[in-house]
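Encoded as structure tokens, the structure appears first; notes follow it.
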Amino acid sequence: MTATVAPGDLNEFCTRCGRSLRASSSVRRGYGPTCVSYLHNARDNADLSEFHPWQADKASELLETCGLVPTDHPNVYRAVSSDGSRTYLSTTDGCTCKAGQYRVPCYHRASVTMLRATRKTRRRRARAPR
């Protein structure tokens, strides 16, 4: 699963937190340096017990290639299919892909679970007393 991004399609805001990106490497990645570090640890922090290891691998790849985009609705994300031809709406509880329609855990849901785990970690650290 590889994604190619045209220069005009680059987002100047972090896909995870929404902050503006200034460095060209961050713009190419779609994530700022702090969010990249959270995403690298996402697989360890998320509870992926209901998913197969290959689904966790594909979910990590989906996050790294910016294939998971937030929508206007809270906790709902648009996920790109593995061949890049379709998009699905995904949450931690369900997905509109073929597997999700049959209530089978899919890697789109795994990627949302991983992304949500990074957000919970960030909030906990921000609220900790100093």
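The values are calculated or read from the model by the stated rules, or taken from the named source; none is laboratory data. Everything numeric in this text was worked out from a predicted model, so none of it was measured. Here the Cβ is made from the backbone with ideal geometry for all residues, glycine too, and neighbour counts use every protein chain on show.
Scan the stretch 12-49 residue by residue and report those that are within 29 Å of Val104 (Cα to Cα) and aromatic (Phe, Trp, Tyr). Across the stretch 12-49, the qualifying residue is only Tyr38.
For (1) part of a helix (DSSP H, G or I); (2) at pLDDT 90 or above; (3) acidic (Asp, Glu), each residue gets a yes or a no:
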site: Ser25; (1), (2), (3): yes, no, no
site: Arg43; (1), (2), (3): yes, no, no
site: Leu89; (1), (2), (3): no, yes, no
site: Pro105; (1), (2), (3): no, yes, no
site: Ser111; (1), (2), (3): yes, yes, no
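Summed over the stretch 46-87, residues that are in a strand (DSSP E or B), surrounded by 17 or more Cβ atoms within 10 Å (Cβ to Cβ) and of a type in the set (Lys, Arg) total 0. Among residues of the stretch 15-34 that are under 14 Å from Arg119 (Cβ atoms), those with a beta-carbon under 7 Å from a residue that is surrounded by fewer than 18 Cβ atoms within 10 Å (Cβ to Cβ) and among the aliphatic types (A, V, I, L, M) at least six positions away or on a different chain give the pairs Thr15/Val69.
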